[in-house]
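Participant: Below you'll find the structure I mean.
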Amino acid sequence: MNMRRVTIPQLAAEAGVSMSTVNRVLSGKDVRPETVQHVLAVAEAIGFYGAGTIRSRLKGDRPKRRLGLILQQEGMPFHHELGQRFRACSDAREDVYILPRVEHVEDLDPLTVASRLRELGKECDAVAITYADHPAVNRVIDELTSDGKPVFTAVSDLSANSRAGYVGLDNRRFGRAAAWYASRLENRGKEVAILMGTHRHVCQEQREMGFRSYLREHAPELKVLEAITTHESDLGAYDATSDLLRRHPELTALYVTGGGIRGAIRALRERESGKLPHVISCELNDDTRQALLEKVVTVVLAHPMEELVTKLIDAMVDAVDREDWSRAEIIVPFVTATSESL
């Protein structure tokens, strides 16, 4: 393998420009944007050591926007992926130089989350948050809004009237779609269970509402058990699922509306005998993909992560650039995955 460093003359030759043009691109001097883009593309393709410098120069010519995002624990696959995609989509934005700030809050106490939101709001032009509805958090949203800082909710809406907008699923419809599967898959019993992370998450409350509403209308023979809270943890979901399998051996379906799917999968794999209930998950990640292939999970209804993040960033940038921004509701369609669609 040739490990020699690519030189400026080599970059100039590959890009079909003069060495002086490459030097001007590297120094940030006046060069047409399309030329800079072309030189950067070639530099990245051939591994030129100064590609990062060119990229920084290119971004320096664009308006800067500081966007913040508050998420739950980074150890939760959904929130980990959401944070990664927010950074990647921010970096890929070509018309605006976005400086993303992603904060994973490990302590989900409402006062802690409210404090982090306040601090991040002071440092950014706009912020977004994925969290459970709580007066302490809503109060900070009102404070930031009064200071001219738009605050968006993502994935799960909040009740603060001053929020700039919501970007996510139609969660009631999402729940009804899950119930459609629960009522049409092979009947393994007459009972259906729901695992919720917390009732304070508006999105999960709406999913439960839609799920129950559909079954009440279209499958009244199925009994929906009282929803069990897992506190968004794998251990909570493991304990809840193990208990359900023990007390309801003919459970026909299990709908996991929030965090903890890894714990539920673990409990299902440990069952020694009897048919497993159909499992409907709201997260598509490495664990649920493997569980789909093993027939432990039946179907996944999930967020289109890239589209969700792209539209969230678009809305945040638009709100910063407009003085008269008003509340926007941006609904993205959910995606469906089964063992045969992976």
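The values are calculated or read from the model by the stated rules, or taken from the named source; none is laboratory data. The structure displayed is predicted, hence computed values, not measured ones. Heads up, the Cβs are rebuilt from the backbone with ideal geometry, glycines too, and the neighbour counts pull from every protein chain shown. Only protein heavy atoms, including side chains, enter the accessible area calculation; ligands, DNA and RNA are left aside. Shrake-Rupley method; radii C 1.70, N 1.55, O 1.52, S 1.80 Å.
Participant: Within the range 297-331, which residues are part of a loop (DSSP other than H, G, I, E, B), surrounded by fewer than 19 Cβ atoms within 10 Å (Cβ to Cβ) and either over 16 Å from the mean Cα position of the chain (by Cα) or among the aliphatic types (A, V, I, L, M) (or both)?
Facilitator: Arg322, Glu323, Asp324, Trp325, Ser326, Arg327
Participant: Mind listing whichever residues of the range 16-38 are part of a helix (DSSP H, G or I), open to solvent by 80 Å² or more (accessible area, probe 1.4 Å) and either free of Cβ contacts under 8 Å to residues at least 12 places away in the same chain or more than 18 Å from Arg62 (Cβ to Cβ) (or both)?
Facilitator: Listed by number, the residues that qualify are Met19, Arg24, Glu34.
Participant: Give Ala13, Ala45 a once-over and let me know the one that is surrounded by fewer than 17 Cβ atoms within 10 Å (Cβ to Cβ), part of a helix (DSSP H, G or I), aliphatic (A, V, I, L, M) and over 36 Å from the mean Cα position of the chain (by Cα).
Facilitator: On the way: Ala45 fails: over 36 Å from the mean Cα position of the chain (by Cα).
Being surrounded by fewer than 17 Cβ atoms within 10 Å (Cβ to Cβ), part of a helix (DSSP H, G or I), aliphatic (A, V, I, L, M) and over 36 Å from the mean Cα position of the chain (by Cα) holds for just one of Ala13, Ala45, which is Ala13.
Participant: Please enumerate the residues belonging to the range 61-72 that are open to solvent by less than 10 Å² (accessible area, probe 1.4 Å), part of a strand (DSSP E or B) and not β-branched (Val, Ile, Thr).
Facilitator: Leu67, Gly68, Leu69, Leu71 - these are the residues of the range 61-72 that are open to solvent by less than 10 Å² (accessible area, probe 1.4 Å), part of a strand (DSSP E or B) and not β-branched (Val, Ile, Thr).
Participant: Check whether at least one residue in the range 307-322 is in contact with a Pro (Cβ under 9 Å, 6 or more places away or on another chain) and closer than 23 Å to Leu244 by Cβ, and report yes or no.
Facilitator: Taking every residue of the range 307-322 in turn, none turns out to be in contact with a Pro (Cβ under 9 Å, 6 or more places away or on another chain) and closer than 23 Å to Leu244 by Cβ.
Participant: Quick check, is Arg216 within 23 Å of Phe78 (Cβ to Cβ) and charged (D, E, K, R)? Spell out how you get there, then give the answer.
Facilitator: Working: within 23 Å of Phe78 (Cβ to Cβ): no; charged (D, E, K, R): yes.
No: the conditions fail for Arg216.
Participant: Still on this model: Quickly run through the range 172-202 and pick out the residues that are in a helix (DSSP H, G or I) and open to solvent by less than 10 Å² (accessible area, probe 1.4 Å).
Facilitator: Of everything in the range 172-202, those that are in a helix (DSSP H, G or I) and open to solvent by less than 10 Å² (accessible area, probe 1.4 Å) turn out to be Phe174, Gly175, Ala178, Ala179, Ala182.
Participant: Out of the residues in the range 141-171 meeting the condition of being assigned to a helix (DSSP H, G or I) and of a type in the set (Val, Ile, Thr), tell me which one is farthest from the chain's Cα centre (by Cα).
Facilitator: Looking at the filtered set, the residue picked out is Thr145.
Participant: While we're looking at this one, here's another question. So, in the range 258-276, of the ones that are part of a helix (DSSP H, G or I), open to solvent by 10 Å² or more (accessible area, probe 1.4 Å) and out of contact with any Asp or Glu (no Cβ under 6 Å at 6 or more places or on another chain), which residue ends up nearest to Arg207 (Cα to Cα)? Let's see the steps before the verdict.
Facilitator: Going residue by residue through the range 258-276, those that are part of a helix (DSSP H, G or I) are 261-270.
If we keep only those that are open to solvent by 10 Å² or more (accessible area, probe 1.4 Å) as well, we get 262, 266, 269-270.
Restricting the remaining residues to those that are out of contact with any Asp or Glu (no Cβ under 6 Å at 6 or more places or on another chain) gives 266, 269-270.
Working: Arg266: 24, Arg269: 26, Glu270: 28 Å.
Ranking the candidates gives Arg266 first.
Participant: Going by the structure shown, is Leu69 within 22 Å of Thr153 (Cα to Cα), among the aliphatic types (A, V, I, L, M) and in contact with a Phe, Trp or Tyr (Cβ under 7 Å, 6 or more places away or on another chain)?
Facilitator: Judged against the criteria, Leu69 is a match.
Participant: If I ask for residues that are open to solvent by 30 Å² or more (accessible area, probe 1.4 Å) and assigned to a loop (DSSP other than H, G, I, E, B), which ones from the range 73-105 would you list?
Facilitator: Gln73, Glu74, Gly75, Arg93, Glu94, Asp95
Participant: Does the range 203-214 include one or more residues that are assigned to a loop (DSSP other than H, G, I, E, B) and without any contact (Cβ under 8 Å) to a residue 40 or more places away in the chain?
Facilitator: Within the range 203-214 (the criterion being assigned to a loop (DSSP other than H, G, I, E, B) and without any contact (Cβ under 8 Å) to a residue 40 or more places away in the chain), the answer is no, since none of the residues qualifies.
Participant: Condition check: free of Cβ contacts under 8 Å to residues at least 24 places away in the same chain and open to solvent by less than 50 Å² (accessible area, probe 1.4 Å). Does Asp157 satisfy that?
Facilitator: Judged against the criteria, Asp157 is not a match.
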